[in-house]
Amino acid sequence: MTPATQTPAKDAAKKSTRGNIVMAPGDVGTVSSTTSDGKEVDATKFTVNSIAPGTCDQQYAQPPENGHIVFVDVTIETLPELAETPFPTFGLSAYDFKFVSNNGTTFNGSLSTIASGYGCIDDARTLPSAGIGPGEKATGIVVLDVPEPAGILIMKSMFGSGFEYTF
């Protein structure tokens with residue numbers, strides 16, 4: 001993800017006890033970033049369309065290492081203002097997520113494993129690996145290898161609050 005502050009789109013933000021914006025599939029989130037001249041701009045809008053159990057279907061797919069494959073279907077639309085920022089590309093991968101169990105325990109491992117990697121689903125179903133530039137739109141699946149079939153996913157960049165989804 002682009003270093004940024006993150007806010008919900010136009011609606012009042014409900015925050016979790018972890019300080020993340022509580023979202024549901026279909027909600028639109030906004031990622032803001034600071035331009036080279038110090039102005040804060042909305043740079044990217046995104047929607048998590050769905051979070052569902054997934055099945056890897058490629059020839060060399062591997063079994064999940066953490067226990068369960070989950071597909072996060074996302075639509076990302078970058079705004080022209082992204083071009084004014086020091087990092088004019090928006091990317092989203094399994095590394096931008098963490099898992100919290102329903103009892104509040106944060107998973108220590110990586111949600112990006114060999115099982116959730118490039119051999120899981122056809123590349124045409126994933127987000128662009130080179131990121132999304134200004135004025136572009138993409139829809140794709142982020143594959144996660146999670147330890148439990150249900151819980152909380154937190155999508156968080158290096159800066160700002162994150163977005164939290166219960167599934």
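Values in this text are rule-based calculations from the coordinates and carry no lab data. As the structure is a computational prediction, the values presented were derived from the model and not from experiment. Positions of Cβ are backbone-derived with ideal geometry, glycine not excepted, and every protein chain shown enters the neighbour counts.
Net charge dipole, segment 5-166: roughly 420 debye, given to the nearest 20, about the Cα centre with Cβ charges of +1 for Lys and Arg and -1 for Asp and Glu. Each peptide in 93-103, 121-131, 76-86 was scored by the mean count of other Cβ atoms within 10 Å over its residues; highest first, the order is 76-86, 93-103, 121-131. State the answer as a single residue: which of 143, 26, 71 lies farthest towards the positive end of the charge dipole of segment 5-166, with beta carbon charges of +1 for Lys and Arg and -1 for Asp and Glu, about the Cα centre. Comparing the listed Cα positions along the dipole, 26 ranks first. How high is the FRET efficiency from residue 124 to residue 28, r the C-beta distance, R0 30 Å, rounded to 0.05? The pair residue 124/residue 28 has a calculated efficiency of 0.75. Taking the Cα centre of segment 95-167 as origin and assigning +1 to Lys and Arg Cβ atoms and -1 to Asp and Glu Cβ atoms, the resulting dipole is close to 120 debye. Count the net charge of all other residues whose Cβ sits under 12 Å from the Cβ of residue 70, scoring Lys and Arg as +1 and Asp and Glu as -1. Its environment carries a net charge of -3. With the simple spin-label model, which puts each label point 7 Å out from Cα in the Cβ direction, the residue 148 to residue 15 separation comes to 2.4 nm. What is the Cα centroid distance between segment 80-125 and segment 53-72, reported in whole angstrom? So the two Cα centres are separated by 15 Å. Annotation for residue 137 and residue 75: the two label points, set 7 Å from Cα along the Cα-Cβ direction, are 0.7 nm apart.
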